[in-house]
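Down below is the structure, laid out as structure tokens.
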Amino acid sequence: MLKVDNLHVHLDTSDGIVKAVDGVTFSIEAGETIGIVGESGSGKSVLAHSLMRLNPEPPATYPKGKVYVNDRNVLQMNKKELRHLRGNQVAMVFQDPMSSLNPVFKVGKQLIEGIQAHRKRPKKEAKEKAIELLRDVGIPDPESRIDSYPHQFSGGMRQRVLIAMALASEPKLLVADEPTTALDVTIQAQVLDLLKQIQHKYGAAILIITHDLGVVAQLADRILVMYAGRIVEFGSTQDIFYRTAMPYTWSLLRSIPTAGAKRRLIPIDGQPPSLIHPPKGCNFEPRCPFATDACRHIDPDLEPRGDGHQAACILSASEFESIKEEVASS
Amino acid sequence: MLQYTIRRLLSVIPVMFVVSVIVFMIVHLTPGNPALIILGEDTSPKAIADLEEQLGLNDPLYIQFFNWLSQVITGDLGTSVYSERKVTELIFSNFRPTFSLMSLSMILLLVIAIPAAIAIVALRKTVLDPIFTSVSLLGVSIPDFWLAILLVLGFGVALPVFPVAGYVPLTEGMGAWLYHLLLPAFVLAIVEVGIIARMLRDSMLESVNQDYTKTALAKGIKEREVLVRHVFANALIPTTTVLGATVAGLLGGTVIIETLFTIPGIGQLLIDSIHRRDYPVVQGVVLFIAAIYVLVNLLVDLLYTFLDPRIRYD
Ligand SMILES: Nc1ncnc2c1ncn2[C@@H]1O[C@H](COP(=O)(O)OP(=O)(O)OP(=O)(O)O)[C@@H](O)[C@H]1O
Ligand SMILES: [Mg+2]
């Protein structure tokens, strides 16, 4: 239902052109859950916003590539078509629940606005629908909470309200941009649970963005690993966790705190490369514990590594396995 | 909120006290004998002594102040030396034209500034943007009084669409009232339009980049509606903070505008009374204007807290 084809998104800044998304291709089937993982600044949010053409223009431009939603290219839609897409076919839950609700309007008003945006109905019916949505996302006492202002909710509750808002027109795809990053750990688990339930009830495909592989492990069918504006590995959750084929993914996995694990958390050394002047060879080479001389010259493409599994690395599976043991033991 | 309102109301008391001290001192800071100044050089010593007695000028200063203040508190601002009418009565009859002028001016101000700010923000990405920027730059660098004179010359003299003098009360018909008041109200407003429009524009541009704006757009709401509803509602809150200063500007401006257009308002009363050395009236008018200013600021503060539910419900 969603197909992203060789998408490039550039951001025109005073320092130069930031290649925030640099040739990304993937697709999502109806009802599927896809996770996008990557460090801060890897272009996850810019990519997610592109799916609804929500990046502010300027600075954003789309010099190359296509985004198809139900075989219609989002990047060529006019204003009216975009409006019909947004919230109706594709809906989004943003990173920061504290600032994503309008502070001067009641929650109910904001919900009803979303409900009415795509299908006008009588006031009373819209209000009932709003209450039902709030109940669906687990807000206690929705009949009275509908008249509360956003600041009268906790962070977790606000994120629930935002999820309810995203569901208003029963979209086919729900994009959740780090929906739990700003929340406490216990609340995080609740919100993730909620997303799972929602998917059951509404049957929407979910694209969940996070920098925490732990979050997607329990939710996603397939995982897409992003680094410096590109996809560096893409595969089923099994592939990513047990048949890791790209050193960056491997480093990310090592940095997950696992419950009861004895080993220390290993953060990834170094900084992500400049997105204005990317390095000549492989983008990850400067930080890669496996890097060889060749990596400085060859910019690897995504290559198939088995059924539906792709990775961008010049190391073959067997080479990778043998070096992995070496690095891990040192 | 209630607590804040009470605290804010109480804070008016010390402010008004300081104001009244200053107003009281107007008479006493002027060099020379006030009675002599009021009556002029060629007056008999007897008349001067009588006036001194009438104004209580022979008592010690603090007694004079106390007497004056206790009268003021009971609503007695004294009697005009010139017309021998009660000062409160004079203020009351002169306030209507001023109130008319200021209200109309305020309406014009908002009717011009709000759509202008919204238009500027809505068209910020189009070719019109640099035009707006240069016009507003021009607006800032043109002296207000010069613009005012230009408007009067333009619409009062060169193209005599509007009268350049006079005032007709609202009771004698809306049309005549508006006809006489429109030009002075416009001239008065134009000076403040830039301030409000600019503040509103800046706040809106800030609000445009907030997450909740993105949320609203992501719901599939028209960009124009998002701007007028979500962005504007938020931008209104910081903008109210300059409203107090705007009203102060309008109050100050009326004194000049009323003189320019011979509108029999508070401003003209003040100027005339200064010329006539009619101290009780000068004191009364200044105190009255100060009280209005304090009151308006109080209302603006309360409006501010009312517009922001985060404060209203605390
Ligand atoms: N409005 C903007 N102007 C200029 N540069 C921007 C803008 N928005 C994002 N960027 C840059 O684009 C790149 C990608 O940003 P993006 O927000 O997509 O990262 P992210 O992966 O979502 O990170 P995070 O995990 O912190 O949310 C970053 O280098 C960022 O600095
Ligand atoms: Mg992000």
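The values are calculated or read from the model by the stated rules, or taken from the named source; none is laboratory data. Source: prediction; values computed, not measured. Note: ideal-geometry Cβ built from the backbone for every residue, glycine included; neighbour counts use all protein chains shown.
Annotations for the structure displayed:
- Any hit, the stretch A:112-122, residues being out of contact with any Pro (no Cβ under 6 Å at 6 or more places or on another chain), of a type in the set (G, A, S) and more than 9 Å from every other protein chain (Cβ to nearest Cβ): no
- Qualifying residue in the stretch B:219-238 (condition: under 21 Å from B:L104 (Cα atoms) and part of a helix (DSSP H, G or I)): yes
- Looking only at residues in the stretch A:1-18 that are within 16 Å of A:N55 (Cα to Cα) and out of contact with any Lys or Arg (no Cβ under 9 Å at 6 or more places or on another chain), the one that is surrounded by the most Cβ atoms within 10 Å (Cβ to Cβ) is A:V18.
- For A:T13, the criteria (1) within 9 Å of ligand 1 (Cβ to nearest atom); (2) in contact with a strand residue (DSSP E or B) (Cβ under 9 Å, 6 or more places away or on another chain) hold in every case but one, which is (2).
- Filter pass, A:T186 being in the same structural domain as A:A30 (by TED's automatic domain parsing), within 25 Å of the chain's Cα centre (by Cα) and without any contact (Cβ under 8 Å) to a residue 12 or more places away in the chain: yes
- Residue check for A:I131: more than 16 Å from ligand 1 (Cβ to nearest atom), touching an Asp or Glu at 6+ places or on another chain (Cβ under 8 Å), within 19 Å of A:Q197 (Cα to Cα) and not acidic (D, E): yes
- Being of a type in the set (D, E), more than 13 Å from chain A (Cβ to nearest Cβ) and in a helix (DSSP H, G or I) is a condition met by at least one residue of the stretch B:189-205.
- Among the numbered conditions (1) under 20 Å from the mean Cα position of the chain (by Cα); (2) surrounded by 18 or more Cβ atoms within 10 Å (Cβ to Cβ); (3) of a type in the set (K, R), the only one that A:R145 does not meet is (1).
- Residue within the stretch A:158-172 that is of a type in the set (S, T, Y) and in contact with a Ser or Thr (Cβ under 9 Å, 6 or more places away or on another chain) present: no
- The number of residues in the stretch B:222-247 being more than 9 Å from chain A (Cβ to nearest Cβ) and under 25 Å from the mean Cα position of the chain (by Cα) comes to 12.
- Test: residue in the stretch B:84-91 that is assigned to a loop (DSSP other than H, G, I, E, B), under 21 Å from B:L269 (Cα atoms) and over 25 Å from the mean Cα position of the chain (by Cα): yes
- Positions within the stretch A:88-107 being touching a helix residue (DSSP H, G or I) at 6+ places or on another chain (Cβ under 6 Å) and farther than 18 Å from B:N234 by Cβ, in sequence order: A:N88, A:A91, A:M92, A:V93
- Restricted to strands (runs of 3 or more DSSP E) entirely inside the stretch A:26-114, those with at least 2 residues that are small (G, A, S) and closer than 30 Å to A:E303 by Cβ are A:60-69.
- Which listed residue is outside any helix (DSSP H, G or I) and either at pLDDT 90 or above or of a type in the set (G, A, S) (or both), from B:G166, B:G139, B:G154: B:G166
- Test: A:T244 is among the hydroxyl-bearing types (S, T, Y), within 12 Å of the chain's Cα centre (by Cα) and part of a loop (DSSP other than H, G, I, E, B): no
- Residue among B:L205, B:L269 that alone is aliphatic (A, V, I, L, M) and either in contact with a Leu (Cβ under 8 Å, 6 or more places away or on another chain) or surrounded by 17 or more Cβ atoms within 10 Å (Cβ to Cβ) (or both): B:L269
- Within the stretch A:31-57, residues that are within 14 Å of chain B (Cβ to nearest Cβ) and farther than 15 Å from A:L7 by Cα have Cβ atoms under 8 Å from residues that are of a type in the set (K, R) and away from ligand 1 (no atom under 12 Å from the Cβ) in these pairs: A:E57/B:K125, counting only partners at least 6 apart in sequence or on another chain.
- Scanning the stretch A:277-329 for residues that are of a type in the set (G, A, S) and under 20 Å from A:K19 (Cβ atoms) yields A:G281, A:A312.
- A:E125 more than 14 Å from chain B (Cβ to nearest Cβ), outside any loop (DSSP other than H, G, I, E, B) and either touching a strand residue (DSSP E or B) at 6+ places or on another chain (Cβ under 9 Å) or under 28 Å from A:T186 (Cβ atoms) (or both): no
- Residue within the stretch A:218-235 that is assigned to a helix (DSSP H, G or I) and either within 30 Å of A:V161 (Cβ to Cβ) or in contact (Cβ under 8 Å) with a residue 24 or more places away in the chain (or both) present: no
- Members of the stretch B:1-56 found to be of a type in the set (F, W, Y) and in contact (Cβ under 8 Å) with a residue 12 or more places away in the chain, listed by number: B:Y4, B:F24
- Pairs, first at positive phi in the stretch A:301-321, second of a type in the set (S, T, Y), C-beta under 7 Å, six or more apart: A:G308/A:S236
- When we screen A:V74, A:V69, A:V90 for residues that are away from ligand 2 (no atom under 16 Å from the Cβ), surrounded by fewer than 21 Cβ atoms within 10 Å (Cβ to Cβ) and either under 14 Å from the mean Cα position of the chain (by Cα) or within 14 Å of chain B (Cβ to nearest Cβ) (or both), the only hit is A:V69.
- Residue within the stretch A:96-103 that is facing another protein chain (nearest Cβ under 8 Å), crowded, with 17+ Cβ neighbours inside 10 Å, at negative phi and without any contact (Cβ under 8 Å) to a residue 12 or more places away in the chain present: yes
- Extreme residue, nearest to the chain's Cα centre (by Cα), among residues of the stretch A:38-61 that are within 12 Å of ligand 2 (Cβ to nearest atom) and farther than 16 Å from A:V90 by Cα: A:K44
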